[in-house]
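Engineer: Take a look at the following structure, please.
Where a number appears in this text, it was derived from the coordinates with a stated rule and is not lab data. Bear in mind the structure is a predicted one, so any value in this text is a computation, not a measurement. Counting neighbours? That spans all protein chains shown, and the Cβs are built from the backbone with ideal geometry, glycine included.
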Amino acid sequence: MTSATASTDMKPVLEVKGLEGGYGSVQILNSIDLRVNQGEFVTIIGPNGCGKSTFLKTLFGLATHYRGTVVHNDTDVSGWRTDRLVARGIAYVPQVDNVFPSLTVRENMQMGGIRLSPGKLTDGIGRACWTFPDLEPRISDLAASLSGGERQMLAISRALISNPSFLLLDEPTAALSPKYQQQIMGCIDSLRSQGMTVLLVEQNARLSLARSDRGYIFSDGKVVHTGSADSILDDPDIGTYFLGSQE
């Protein structure tokens, strides 16, 4: 496989060089280089257990950062705590355990804006309900009563309450019906059209790459290929192994 790099004349929101990380003494990531430019939609794909989710957790201060640099908007944020990253406009939505089941939909959203003024919190909840209209009639219901797709919408909406500019998403369509997969991706498309920069880990590679600018393929904790989304989708060698059947 050949590699391609992002155009260097675009402003990077995220620039990662030589990143190594993992959990405690267990190293998962090996010298990761990755770049996300302003306004881009970038997808990370690869087999299970290759370090995709660990990469996002290391960026967001939830896994151990060993070495390497993480630069966000010209500031070195390597190894920063999660709260400091949130204050910089970075939001992260994990794949699992991403809502509080015993709280209502509104209370979950309020948790996402716990540091906001009442006015900004109200505005944030309004934006969330506009982005995910299915949630508005469920605003007083417990999150435990939501479907899988509605829970994922709630998880993303909670991350958006603080009005971030850079969104990290870990497997947002995992275990969802095709209807909800398309709905979640459609909402992400809408956020991107509003200027949001998105870095996405996704198992449904075709669904995500079809709307991405570029993609990275991980294997064994390393980047083994990067290129435009179209070039990855059109490459038969990549498609057979990483993208699965087109049927």
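Engineer: Once you keep just the Cα pairs under 8 angstrom separated by 6 or more residues, what percentage relative contact order results for the chain?
Structural biologist: Values: 474 pairs, mean separation 67.1, N = 247.
It rounds to 27 percent for the chain.
Engineer: For segment 96-197, what class follows from the C-alpha gyration tensor (a ≥ b ≥ c being the square roots of its eigenvalues): rounded when a/c is under 1.5, otherwise prolate if a/b is larger than b/c, else oblate?
Structural biologist: Numbers: a/c = 1.65, a/b = 1.10, b/c = 1.50.
It comes out oblate by the Cα gyration axes.
Engineer: What Kirkwood radius, in Å to one decimal, follows from the Cα pairs of segment 148-247? The partial results should precede the final answer.
Structural biologist: Values: mean 1/r = 0.0692 Å⁻¹.
Result for segment 148-247, one decimal place: 14.5 Å.
Engineer: Using the per-residue mean of other Cβ atoms lying within 10 Å as a proxy for protection, in what order, highest first, do the peptides 167-180, 34-47 fall?
Structural biologist: Values: 167-180: 18.8, 34-47: 21.3.
With the highest mean Cβ count within 10 Å placed first, the list reads 34-47, 167-180.
Engineer: So how far apart, in nm, are the two label points at Arg115 and Arg211 if each is 7 Å from Cα heading toward Cβ?
Structural biologist: 2.9 nm
Engineer: Using alpha carbon coordinates only, what is the Rg to Rh ratio of segment 42-175, with Rh defined as the Kirkwood radius?
Structural biologist: Numbers: Rg = 15.4 Å, Rh = 15.7 Å.
Reported Rg/Rh (Cα atoms, Kirkwood Rh): 0.98.
Engineer: Could you work out the local net charge near Leu200, counting Lys and Arg as +1, Asp and Glu as -1, over the other residues with Cβ closer than 14 Å to its Cβ? Can you show the working numbers first?
Structural biologist: Numbers: positive: Lys52, Arg192, Arg206, Arg211, Arg214; negative: Glu40, Asp170, Glu171, Asp189, Glu202, Asp213.
My count for the surroundings of Leu200 gives -1.
Engineer: Now a separate question. If you add up the charges near Phe60, with Lys and Arg at +1 and Asp and Glu at -1, over every other residue whose beta carbon is less than 14 angstrom from its beta carbon, what do you get? Could the numbers behind the result be given before it?
Structural biologist: Working: positive: Lys52, Lys57, Arg81, Arg84, Arg88; negative: Asp83, Asp170.
Every neighbour counted, the sum reads +3.
Engineer: Helix 178-193 versus the longest principal axis of the chain: what is the Cα-based angle in degrees, 0 to 90, to the nearest 10?
Structural biologist: Tilt of helix 178-193: around 90 degrees.
Engineer: For Asn163 and Val71, compute 0.36 nm times the residue count separating them, minus their Cα-Cα distance, and round to one decimal in nm.
Structural biologist: Details: separation 92, 0.36 × 92 = 33.12 nm, distance 2.03 nm.
Computed gain between Asn163 and Val71 is 31.1 nm.
Engineer: For segment 153-181 and segment 107-151, what is the separation of their Cα centres, given in Å?
Structural biologist: About 12 Å separates the Cα centre of segment 153-181 from the one of segment 107-151.
Engineer: So what's the back-of-envelope 222 nm ellipticity for the chain, counting only DSSP H runs of four-plus at -39500 (n - 2.57) apiece and dividing by all residues, rounded to 500?
Structural biologist: -9000 deg cm²/dmol
Engineer: Okay, moving on. Where Lys and Arg each count +1 and Asp and Glu each count -1, what net charge lies around Val16 among other residues with Cβ under 9 Å from its Cβ? Write out the running numbers ahead of the final one.
Structural biologist: On the way: positive: Lys17, Arg35; negative: Glu15, Asp33.
Once all neighbours under 9 Å are counted, the net charge is 0.
Engineer: Then there is this: Return one quarter of the surface area of the convex hull spanned by the alpha-carbon atoms of the chain, equal to its mean projected area, in nm².
Structural biologist: 13.1 nm²
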